[in-house]
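Only one structure is covered here, and it is reproduced in the block below.
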Amino acid sequence: MSTSHHPDGWTILKFIEGEKVVYKIFATWRWDNDRWRLSSGAEDLRDISKIGTELIWPQASGSTYHLPVNGEHCYTVYQGLVLENIKKRCVDEKIEFEIISLGDLLI
């Protein structure tokens with residue numbers, strides 16, 4: 001059974017470790033006690049579809065994220081600190097890290 005996630009904010013992260021590339025969603029629920037979640041990821045961006053004002057993106061775990069187009073890079077100060085911590089851990093573990101913008105998706 002797949003799970004459907006509906007965050008109000010989101011940021012797409014690209015991780016590169018050696019030859020392996022994974023795109024993950026840093027999903028945020030700003031109005032729900034600063035809740036956040038890092039998705040399981042996908043190997044590419046091909047499966048993203050746009051329906052109305054949402055981007056729909058299935059992930060490796062089988063869950064699907066419904067991302068409001070106007071929610072890109074929307075997070076609280078606390079969630080921003082979590083994102084910075086993820087970036088710092090990538091540097092420490094020598095994993096390349098990049099934030100992908102909606103314009104880069106060419107949707």
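A short reminder: the numbers here are calculations on the coordinates, not readings from a lab. Source: prediction; values computed, not measured. Counting neighbours? That spans all protein chains shown, and the Cβs are built from the backbone with ideal geometry, glycine included.
Quick rundown of the values:
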quantity: Whole-number D in µm² s⁻¹ for the chain, Kirkwood Cα-pair radius fed into Stokes-Einstein, 20 °C, 1.002 mPa s; calculated: 152
quantity: Cleavage-rule hits, chymotrypsin sites (Phe, Trp or Tyr not before Pro), region 4-107, DSSP coil, Cβ neighbours within 10 Å at most 13; calculated: 31
quantity: Centre separation in Å (Cα based) which lies between region 53-70 and region 19-47; calculated: 9
quantity: Relative exposure of 50, 20, judged by other C-beta atoms within 10 Å (fewest first); calculated: 20, 50
quantity: Exposure proxy order (Cβ contacts within 10 Å, fewest to most) of 39, 49; calculated: 49, 39
quantity: Those GluC sites (Glu not before Pro) in region 38-107 that DSSP places in a loop and that have at most 11 other beta carbons within 10 Å; calculated: 43, 93
quantity: Distance between modelled label sites at residue 3 and residue 64, nm, 7 Å Cα→Cβ extension; calculated: 1.6
quantity: Aspartates and glutamates with Cα under 12 Å of residue 20, excluding same-chain neighbours fewer than 8 positions away; calculated: 43, 44, 96
